[in-house]
Each structure stands twice: as structure tokens, then as C-alpha cells.
Amino acid sequence: MQTWDELKEVCLACRKCRLAETRTNVVFGDGNPASPILFIGEGPGEQEDLSGIPFVGRAGKLLDSMLGTIGLDRGKVYIANIVKCRPPQNRDPLPDEQEACIPYLRAQTALIRPKIIVCLGRIAAMKIISPDFHISQDHGKWFDRKGVRMMALYHPAALLRDPRRKTETLPDLLAIEEELQKLETPAEA
Ligand code: URA
Ligand code: SF4
């Protein structure tokens, strides 16, 4: 298996799909690769493309505050995206772009070995949890895949567009906090 640094080097030079033509920076990920929890977004936006860091724009500020609500920050989680280069005009990443890029996320996941994966929004949830994921119905529900607990939250950009959904997101965040606490204090056998 590749090391983290080898994987990052290959990814930063990637030209496997058309998004390479319009990107400024490949956005590999941010945070602590030794974390038990991995957050997965959709793809870089403008600020992320310019900085090379995921979730640094308006939605990213909201994500930081959501993490803060449950005592987390970027030193305690890892954050990556389904596609690592910005889709032009922030359109949804196309299926072939997602397919081209997902091996990087899978390799990151294999190295991080998270116990909890949180998908941010519908695109990530459909790719990672189930193709027929319905975000308005299924956010906050736990799914188990090979011993990994998975959940999706509304995407922070969706929460900015419709702040009423923030009240629905709080219990989801608290469920994540509870799950993390279970990891720290395993139930007695
Ligand atoms: N939206 C995403 O899904 N990912 C980012 O990195 C930024 C905004
Ligand atoms: Fe490579 Fe992914 Fe960027 Fe496409 S989006 S060029 S697959 S890193």
C-alpha cells in the first residue's frame, strides 16, 4: 500500500479527468489523518480551488462552527471531498469525474481507517452510503458498512440556503458526538 505522502504526491499531479483542465489547485484534504472520524464533502468551490484547502469558503465557516458545537475542530477530524478538483461554476461533479477521483478517497480512507464517516450532503451520501439516498429523509440515520458507522448531514451550503434545516441538523450533530464518546469509553463486556 502507498504511504500517505506518496498518495498525496500522485493526487496533486493527477490529470485523470477533465476537471484538471480548469482547476487552480488539487484539494487533497485537511485535518488529522489519525482521526477516527472522516467528513466527506462534494468537491472544491472557488475559495477551496484558490487555497488548496477544503471547506474554507462560507460553507466551510459554517462547517467549522458545526464541528465546534460538538467540541471538534480540524485537528480532531479529517475532511476530504468526492472530487478533488473544482467543477466549473460549482456544478455537480459528473458521474465519470466521481469515478475517476474516488480511488483517491478510498485510498485515504484505507490509510485513515476511520470508525465514523460523515457525508456532507446528497452527492457524497449517494456515492458513499447508497445510490438511492434521500438527504431530506435519511440525514441523521446511521448505516453500518464493514464495521464503519456512516451518516449524512445536510451540506453546510444547503443550510446556508435554508437555515430552517439547521434545527434538524443539531440532533444529527449530537448523535455524532455520542458515537465518538462511545469510541472513547467502550461499553463494558
Ligand atoms: N463544498 C464541498 O463540498 N467541499 C468543499 O471543500 C467546499 C465546499
Ligand atoms: Fe484527478 Fe480527481 Fe482532479 Fe479528476 S478531480 S483530475 S480524478 S484529482
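Taken together, the values in this text are just the output of simple stated rules run on the coordinates, not laboratory data. In this text, all values refer to a predicted model and were calculated from it rather than measured experimentally. Neighbour counts are summed over all protein chains in view; Cβ atoms, including those assigned to glycine, are modelled from backbone coordinates with ideal geometry.
Close amide H partners of Gly45, meaning residues 5 or more places away or on another chain with modelled amide H under 5 Å apart, are Phe55. Modelled label positions at Arg15 and Asp92, each set 7 Å beyond Cα in the direction of Cβ, lie 3.0 nm from each other.
Once the C-beta distance of Glu46 and Thr185 is scaled by a Förster radius of 35 Å, the resulting FRET efficiency is 0.25 to the nearest 0.05. Residue pairs exceeding 23 angstrom between C-alpha atoms, taken from Lys61/Lys166; Lys76/Lys115; Lys84/Lys166; Lys16/Lys146: Lys84/Lys166; Lys16/Lys146. Placing +1 on the Cβ of every Lys and Arg and -1 on the Cβ of every Asp and Glu, with nothing else charged, gives the range 47-189 a dipole about its Cα centre of roughly 180 debye. Classification of the range 33-174 by its C-alpha gyration tensor yields a rounded form. The axis ratio a/c (a ≥ b ≥ c) stays under 1.5.
In a reduced charge model with +1 at each Lys and Arg Cβ and -1 at each Asp and Glu Cβ, the range 7-127 shows a dipole moment near 240 debye about its Cα centre. Taking only the C-alpha atoms of the range 1-99, Rg followed by Dmax gives 13.5, 39 Å.
Between the range 1-44 and the range 95-134, the alpha-carbon centres lie 13 Å apart. Mean projected area of the convex hull spanned by the Cα atoms of the range 53-108, taken over all viewing directions: 4.6 nm².
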